[in-house]
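The values are calculated or read from the model by the stated rules, or taken from the named source; none is laboratory data. The structure displayed is predicted, hence computed values, not measured ones. Note that we place each Cβ from the backbone using ideal geometry, even for glycine, and neighbour counts take in every protein chain shown. Remember, those area values only see protein heavy atoms, side chains included, never the ligands or the DNA or RNA. Shrake-Rupley method; radii C 1.70, N 1.55, O 1.52, S 1.80 Å.
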Amino acid sequence: MIHRFENIASTNDEARRLSRAGAEAFTVVVADSQQAGRGRNGRLWVSPAGVGLYASVVLRPHVATEFLPSVTLLAGVAAAEAVMGCSGLPIMIKWPNDLLIYDRKVAGLLCEAELSASGDSVVIVGLGVNVNTSEALLPARTRFPATSLLIESGKHSDHEALLDAWIGRLRAWMTIFETQGVEPILAAWRQRDALTDRKLHVVLPNGEGLRGVGAGVAGDGSLLVKMDDGAVQSVIAGEVSLG
Ligand code: BTN
């Protein structure tokens, strides 16, 4: 079922409200604009009317809770495939799940997990894509340079086709996840990893900085960073920039 709004505070918040009221898996909330679109780490996701895709999906993964971080990777792979399929542009994933075109951010995902009243896992996956966004409407200052499908391709894209494609790929990947486990997701994710063999700067949640070279993603969804002394450090949470 798809719930459509002209304007809403945040599609993730509405999807969470619906999931708590018992909405089934793959219930979708989509809005033309958001008043208080949320990004990761408490940031704002600028959501001007009509030019972006702002959508959230309720997932109810039938996997042990220790595998829930993989849903973040799965949602990113599904979004990358959908955006690439609809635009023809090369899409890479920057850990944990920003979508990049030539190192500029075109989309971001916000995954929020919780346990339902009956103890089952629920993950709300929100996707924001700068679709037909002009340079003037992109946020002026971001941690990572921003772009849109319009800017990169010179063509307008159809939000609805993009949403359909994402839901289709999400359904396909959830089936693979529940039947074959995490390995196929990791393999697909690694093929699109924007950070492998690149010099990185990571700011950890405690404010500490880390410099090294991207060495892929681990089975638990953490980022692997190779340090100067050759040791590989696993990063569970942090903000990554290139250089
Ligand atoms: C990020 O890059 O920090 C994640 C951005 C996620 C934005 C989307 S837009 C639809 C959904 N609703 C929200 O409030 N946030 C997500």
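Checked against the criterion of being over 14 Å from Leu170 (Cα atoms), open to solvent by 30 Å² or more (accessible area, probe 1.4 Å) and among the polar types (S, T, N, Q), segment 59-72 has at least one qualifying residue.
Put simply, of Gly22, Gly50 the only residue that is open to solvent by 10 Å² or more (accessible area, probe 1.4 Å), in contact (Cβ under 8 Å) with a residue 60 or more places away in the chain, more than 9 Å from the ligand (Cβ to nearest atom) and part of a loop (DSSP other than H, G, I, E, B) is Gly50.
The condition (being farther than 18 Å from Tyr102 by Cβ, touching a strand residue (DSSP E or B) at 6+ places or on another chain (Cβ under 9 Å) and in contact (Cβ under 8 Å) with a residue 24 or more places away in the chain) is satisfied by just one residue among Arg190, Arg171: Arg190. Please work out if Val235 is over 18 Å from the mean Cα position of the chain (by Cα) and either of a type in the set (A, V, I, L, M) or within 30 Å of Ala49 (Cβ to Cβ) (or both). So Val235 fails the test.
The rows are residues; the columns are (1) in a loop (DSSP other than H, G, I, E, B); (2) crowded, with 17+ Cβ neighbours inside 10 Å.
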| position | (1), (2) |
| --- | --- |
| Ala136 | no, no |
| Pro139 | yes, no |
| Glu160 | no, no |
| Leu163 | no, yes |
| Arg169 | no, yes |
| Leu200 | no, yes |
| Pro205 | yes, no |
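In segment 87-99, is there at least one residue being within 15 Å of the ligand (Cβ to nearest atom), touching a Ser or Thr at 6+ places or on another chain (Cβ under 6 Å) and farther than 26 Å from Phe5 by Cα? Yes, segment 87-99 has at least one match. Of the residues making up segment 3-13, just one is within 10 Å of the ligand (Cβ to nearest atom), over 17 Å from Ser116 (Cβ atoms) and surrounded by fewer than 21 Cβ atoms within 10 Å (Cβ to Cβ), namely Ala9. If I ask for residues that are among the charged types (D, E, K, R) and in a loop (DSSP other than H, G, I, E, B), which ones from segment 87-133 would you list? Correct list: Asp103, Asp120. Only one of the numbered conditions (1) within 11 Å of the ligand (Cβ to nearest atom); (2) modelled with pLDDT under 95; (3) under 14 Å from the mean Cα position of the chain (by Cα) is not met by Thr142, and that is (3). In segment 30-41, the residue that is nearest to Asp164 (Cα to Cα) out of those that are surrounded by 13 or more Cβ atoms within 10 Å (Cβ to Cβ) and within 16 Å of the chain's Cα centre (by Cα) is Val30. Looking at Ala107, Ala79, Ala136, can you tell me which residue is modelled with pLDDT under 95 and either on the phi < 0 side of the Ramachandran plot or away from the ligand (no atom under 16 Å from the Cβ) (or both)? Result of the check over Ala107, Ala79, Ala136: Ala136.
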